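Structure first, then comments.
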Amino acid sequence: MMVMESDNKRIAKNTIFLYLRSFLMMVIGLFSSRVILQALGVDDYGLYGAIGSIVAMFTIINGTLAVGTSRFLTFELGKGDKERLNKTFNASFTMHVLVAIALFIMMETIGLWFVNNKMSIPHGREFAANVVYQLSILSCMFSLTQVPYGATIIAHEKMDIYAYVGLSEAIVKLALIVLLLYAPFSDKLIAYAIIIALWSIALQIFYRVYCYKRFEETHLKLCKDKDIYKGMLSYSLWDMVGQFCATGNSQGINILINMFFGVAVNAARAVAYQVEGAVNQLASNFTTSVNPQIVKSYARGDMDRFFELIYESGKYSYYLMFLLALPIFLEAEYILNLWLVEVPEYAVLFLRFVICISLYTIFSRSVINGVHATGDVKTLNLTSGVYSAGTFIPMVYLAYKLGLPVWSCFVIQSFNRIICSMLEVRALCKQVKFDVLDYFKKVYLHSIAVSAIAAVVPTLVFSMMPSSFLRLTITVVVSVLSTLLCVYTIGISRSMRLKINDMIASKLFGRYI
């Protein structure tokens, strides 16, 4: 019982640190996007996003290794085997270096050909596009070998370092972007790409030094244990299908939009996902904090705690996201006009679509984390991954070929996501005795019902007042209060309410009542 209380406090502390970091990054990031869009213009802003999509498409393999690294490092920490932990880290680092070399060759051949022959690049911007592409590759090479270090920090649940670095990153990045706006650069797109690449590399070097000084397992040695390589590669190969699905859904759509509608619509999508990404990052902090505990609970064989964390992670991460998503959904048009100097066409519509999809998607994260904790991801990726990769992109391509509007991709994505979530729950059921109906009722239906009730008053306020900064302020305040009240009264269990009451009382009066 004492261990569980300690774990809960650690989760709460880590969530606060991650939430603080994400909030700072969101505020600075959203303001930075306004400055960047103003400095670069719609076409160059969209071009930067499209070029980044090409690089991201080549990092699918790295994504699978990243998930595997996080799982195996956390699992070994849960088991308490320090020698095997060190071997696991070094095996992971070796594999990431080899992947980086292979992907470098692919990006400098196939990727370079695609950029110069298939991308829709505005006339006269070919040189800038190639410079951005090369700088993106440089950043990618550093980030590929950074993965084991980031996974180590998360496995040790040292989330505070992310908050401290996030504050510094936000301040420095804002200063650099303001410099971009006012400095007399001859080509601001190239200047922006250089700034982002250098800053990204500097951060990755810092994290490596931090890990080397704090965690013994990050001291590099040659690992010759074939069983570790075999286990991680087997896990990663099966997970590659799911990673292909996720990257293909995101970056593949970006490329299709570029091919059918041009860089201006890419800019609208980039703006929408910039906002959604900030909100999603804030909401996913709870999932990030809980995930190491899910893996460690499974490693110890504590299945009651394992299931409890999956339930809590799915429900509370949804509430955290809805808290921010509701006012942004209602006031999307006013917020974007307030935020950006020039709002790209379709940006408001895209933002509302992606917020709804993300709210539903966040339910599945805890289930997926549960599957990954077991180490057997074969069923998950052979069902959800194959279905999504085999239907989503082809259906969107067909829709665009038939002349359907650009937003039809989001309608297709919504139906695709519902089917995938069912397949993900099924994959967990195959590994452990998981009560699907109970999870669906207590997490999906309960959470959606709470959010529907919470949305009534804010929606009435929004519909009854004319568009203005006053309406925005009132809508945000009412939305937050309404959501918190509904979550507290009907969204959480009685035992959780008592814990919250005790925590508040201890802070106010210095003792539990």
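The values are calculated or read from the model by the stated rules, or taken from the named source; none is laboratory data. Keep in mind the model is a prediction, meaning the values are calculated, not measured. As a convention, Cβ positions derive from the backbone with ideal geometry for all residues, glycine included, and neighbour counts pool all protein chains shown. The protein model used for the area step is the full one, side chains on, heavy atoms only, and it has no ligands, DNA or RNA in it. Shrake-Rupley method; radii C 1.70, N 1.55, O 1.52, S 1.80 Å.
What's the total number of residues in the range 424-442 that are open to solvent by less than 40 Å² (accessible area, probe 1.4 Å) and in a helix (DSSP H, G or I)?
Number satisfying all stated conditions: 6.
Give me the pairs: first residue in the range 297-310 and free of Cβ contacts under 8 Å to residues at least 12 places away in the same chain, second residue open to solvent by 60 Å² or more (accessible area, probe 1.4 Å) and assigned to a loop (DSSP other than H, G, I, E, B), beta-carbon distance under 7 Å, and six or more apart or on different chains, which are they?
Listed pairs, sorted by first residue: none to list.
Confirm whether residue 157 is in contact (Cβ under 8 Å) with a residue 40 or more places away in the chain, at positive phi and among the acidic types (Asp, Glu).
It is true that residue 157 is in contact (Cβ under 8 Å) with a residue 40 or more places away in the chain, at positive phi and among the acidic types (Asp, Glu).
Mind telling me which of the residues 410, 329 ends up being part of a helix (DSSP H, G or I), within 26 Å of residue 470 (Cβ to Cβ) and at pLDDT 85 or above?
After ruling out the rest, the residue left standing is 329.
Sort through 390, 403 and tell me the only one that's farther than 19 Å from residue 434 by Cβ, open to solvent by 30 Å² or more (accessible area, probe 1.4 Å) and part of a helix (DSSP H, G or I). Give the steps one after another, and end with the answer.
Numbers: 403 fails: part of a helix (DSSP H, G or I).
Just a single option satisfies the conditions, and that option is 390.
Counting only residues that are without any contact (Cβ under 8 Å) to a residue 60 or more places away in the chain and within 22 Å of the chain's Cα centre (by Cα), which one in the range 321-347 is most open to solvent (accessible area, probe 1.4 Å)?
The selected residue is 329.
Looking only at the range 192-239, which residues are within 27 Å of the chain's Cα centre (by Cα), open to solvent by less than 60 Å² (accessible area, probe 1.4 Å) and of a type in the set (D, E, K, R)?
Residues satisfying the conditions are 208, 217, 239.
Looking at residue 271, is it open to solvent by less than 10 Å² (accessible area, probe 1.4 Å), among the β-branched types (Val, Ile, Thr) and over 26 Å from residue 155 (Cβ atoms)? If you could, list the steps in order and put the result at the bottom.
On the way: open to solvent by less than 10 Å² (accessible area, probe 1.4 Å): yes; among the β-branched types (Val, Ile, Thr): yes; over 26 Å from residue 155 (Cβ atoms): yes.
The answer is yes for residue 271.
How many residues are open to solvent by 40 Å² or more (accessible area, probe 1.4 Å) and not aromatic (Phe, Trp, Tyr) when one looks only at the range 90-105?
Here the count works out to 6.
Taking residue 457 as meeting all but one of (1) more than 27 Å from residue 299 (Cβ to Cβ); (2) modelled with pLDDT under 90; (3) not small (Gly, Ala, Ser), write down the number of the exception.
The number of the failed condition is (2).
Sort out which residues of the range 356-383 are of a type in the set (S, T, N, Q) and open to solvent by less than 10 Å² (accessible area, probe 1.4 Å), and write them in order of number.
364, 366, 381
Search the range 164-192 for residues that are under 15 Å from residue 203 (Cα atoms) and pair each with any residue that is modelled with pLDDT of 75 or more and not aliphatic (A, V, I, L, M) when their beta-carbon atoms are under 6 Å apart and the residues are at least 6 apart or on different chains.
Short answer, once both residue conditions are applied: none.
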